[in-house]
Structure formats: structure tokens, C-alpha cells
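Peer 1: Encoded as C-alpha cells, here's the structure I'll be asking about.
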Amino acid sequence: MPTRPNPFRLALTHLILLACAGLTVMPVVLVLAASLRKGSTLISTRLFPGMDELSLAKYHELLTQTPFLTWMLNTVIVSVVASLIALVVTALAGYAFARFRFLGRKNGLMAMMLLQMFPAAMAMVAVFRLLQYLGAATGGVLGLNSLLGLSLVYIGAGIPFNTWMIKGYVDALPRELEESATIDGATPTQTFLLVVLPLMGPILAVVAIFNFIAPYSDFIFPSVVMFEESKYTLAVGMQSFISGNFSTNWTLFAAASILGAIPILVLFFALQRFLVEGLTRGALKG
């Protein structure tokens, strides 16, 4: 007969889970409450505003009196471009490292692993100089203060880690499927596009989410390479709300945080069914 769970242990487990859920949800609730508060302070005498204090004025001010929508559009453009291009490059590279044997394969994998050991901030000066040269060579299209140039930074930064993830996922796929396609007369390109690529859906969704979130939430690189307010990304633009020497508008910052999180939430909920499978299967083999 199955043993009955210990009531004390079960109650303790539920309490711990509720506490973790509360710690996760509480910051979001506080930011939402601040965005609905009148004035510009983050908190007042009460932790949560009363009904008489609730207002959508900050959202109206954000959408009508600030370049918030321009900043969000810039951020979405950079994130989408970086995500799509990195997805194509890493899918091809991960499959090649997993299935083909070629000169420099082992050294290439080790080099990509070593690159992950150094923080991205170490390359900031090199990236700045590289964008200067690219800007001079392309007439500013891929240089400093360029959305495409900023996208190029994130594409290069995400390739090593994402290639390793995709390689591990492809290693876990049965080779018999590709061998059967080859016997049926399929070329290597057809085998990849028609057999392997559809099976890579979960890990590609994971890579897409990671490559979208990284530039969307980053502050350091955009603040270094973007100079005009019309070219700011969301993180850099929001920083201007709280960086004044004599005035800070935390409620406006909170409203921008709530609206700015919407694209990431939409992407996450659209691809969440692939997330767990892609992460677990990609970690099986390396």
C-alpha cells in the first residue's frame, strides 16, 4: 500500500513554496503599485497606495511626453535582428560541430568555451574601436550610434554559448534519422532542413529567447556606443528618468518598467512550451 505523506513535511513544503512565490511576485507588485502612485517618489507613508492615490497619469505622461515608444522600438529592432541572425548562425554552426569532423573542430570548440570565461565588459574598448572602424568603412551604417552596429555586438557575443547549446542538443538526436534520409537520396542540405531542423524547435526557441532578452535588458553597451536620444534603447532611456542631480521620477521609471516588460512576457509565453525541453535536452551531451 502506498504510504501517506507526512502532514508536517507537506505543510512545510507548501509554506516554503508560498514564500518563494511571494518573494518572486512581491517586487513586481511593488513596481506596479509605484507606477500607479501620484507624484514622483517610489514609496510614501503606505507601502501600497490607497484607492484615492491610484492614477494612470504616469502612463499617459510616459506615452505622450517622453520618447518611450521610440526607445522601445529601437530596443525591439536590435533584439529581433540580433536574435534572428544569431539563430541562423548558431543553428548551422552547432549542427556542423555536432555532425561533421573537420580541421580545427576541437580547437574551435575549446576557443568558444574559453571565450565564455571572460566578462563582456572586458571587450568594451575593443568593441568601441571596432565600431569606429566599421562606421568609417560603411558610412555609419554599422558604426557607433547605429542600431545595426549595436545588433552586431550582441550577435557576436551570443554565438559561442548558443553554439554549444545547439551542439549538445543535436548530439542527443539519433543519427539514424539522417542516415535514412541519406539512403533515400537526400543531400546534406536537405537532410538538415527537412529532417534535423524541425527536431531542433525546442533548442531554437531557447536560443531565440536568450538572444532577445540579452540586448533588450542590457544597459552597458548601449550607453557606451549610442549618443543621440533618438537612438537610445529602453534601458538607456529609462536611466534618464532617475539620473537627474536634483530630481528623480521613480514613478515614471516604474511605469516604463511595466510597459517595457510586455514584449518579453509575450515572447516567453509564446515559446514557454519549448523552454524546458530545449534546456534539458541541450544539457545531455556536450
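Peer 1: Applying the selection to segment 215-232, what residues are of a type outside the set (Ser, Thr, Tyr) and crowded, with 18+ Cβ neighbours inside 10 Å?
Peer 2: Of everything in segment 215-232, those that are of a type outside the set (Ser, Thr, Tyr) and crowded, with 18+ Cβ neighbours inside 10 Å turn out to be PRO215, ASP218, PHE221, PRO222, VAL224, VAL225, MET226, LYS231.
Peer 1: Please verify whether segment 175-193 includes one or more residues that are in contact (Cβ under 8 Å) with a residue 40 or more places away in the chain, open to solvent by less than 10 Å² (accessible area, probe 1.4 Å) and touching a helix residue (DSSP H, G or I) at 6+ places or on another chain (Cβ under 9 Å).
Peer 2: no
Peer 1: Now a separate question. When the residues of segment 23-73 are filtered to those that are of a type in the set (Gly, Ala, Ser) and more than 14 Å from SER257 (Cα to Cα), which remaining residue is modelled with the highest pLDDT?
Peer 2: ALA57
Peer 1: Something else: Being touching a residue at least 12 places away in the same chain (Cβ under 8 Å) and under 15 Å from ILE155 (Cβ atoms) is the filter here, so list the residues in segment 124-144 that pass it. Give the steps one after another, and end with the answer.
Peer 2: The initial filter retains those residues of segment 124-144 that are touching a residue at least 12 places away in the same chain (Cβ under 8 Å), namely 124, 127-128, 131-132, 134-135, 143-144.
Passing the criteria: VAL127, LEU131, LEU134.
Peer 1: So which of GLY143, GLY158 ends up being buried (at least 19 other Cβ atoms within 10 Å of the Cβ), modelled with pLDDT under 85 and part of a helix (DSSP H, G or I)?
Peer 2: Details: GLY143 fails: part of a helix (DSSP H, G or I).
From the options GLY143, GLY158, the qualifying one is GLY158.
Peer 1: Continuing with the same structure: Can you run down the residue pairs with Cβ atoms below 8 Å, 6 or more apart or on separate chains, where the first is in segment 18-41 and under 14 Å from LEU56 (Cβ atoms) and small (Gly, Ala, Ser) and the partner is in a helix (DSSP H, G or I) and open to solvent by 60 Å² or more (accessible area, probe 1.4 Å)?
Peer 2: Going by the 8 Å Cβ cut-off, the qualifying pairs are ALA34/TRP250.
Peer 1: For segment 54-97, which residues satisfy the criterion of being touching a Lys or Arg at 6+ places or on another chain (Cβ under 6 Å) and either assigned to a helix (DSSP H, G or I) or buried (at least 18 other Cβ atoms within 10 Å of the Cβ) (or both)?
Peer 2: GLY94, PHE97
Peer 1: Here is a check on your reading of the model: is PHE212 among the aromatic types (Phe, Trp, Tyr), buried (at least 18 other Cβ atoms within 10 Å of the Cβ), within 30 Å of THR70 (Cβ to Cβ) and touching a Ser or Thr at 6+ places or on another chain (Cβ under 8 Å)?
Peer 2: When the stated conditions are applied, PHE212 passes them.
The values are calculated or read from the model by the stated rules, or taken from the named source; none is laboratory data. Please read all numbers here as calculations on a predicted model, not as lab measurements. We place every Cβ from the backbone using ideal geometry, glycine too, and count neighbours over all the protein chains shown. Calculation scope for accessible area: heavy atoms of the full protein, side chains included, ligands and nucleic acids excluded. Shrake-Rupley method; radii C 1.70, N 1.55, O 1.52, S 1.80 Å.
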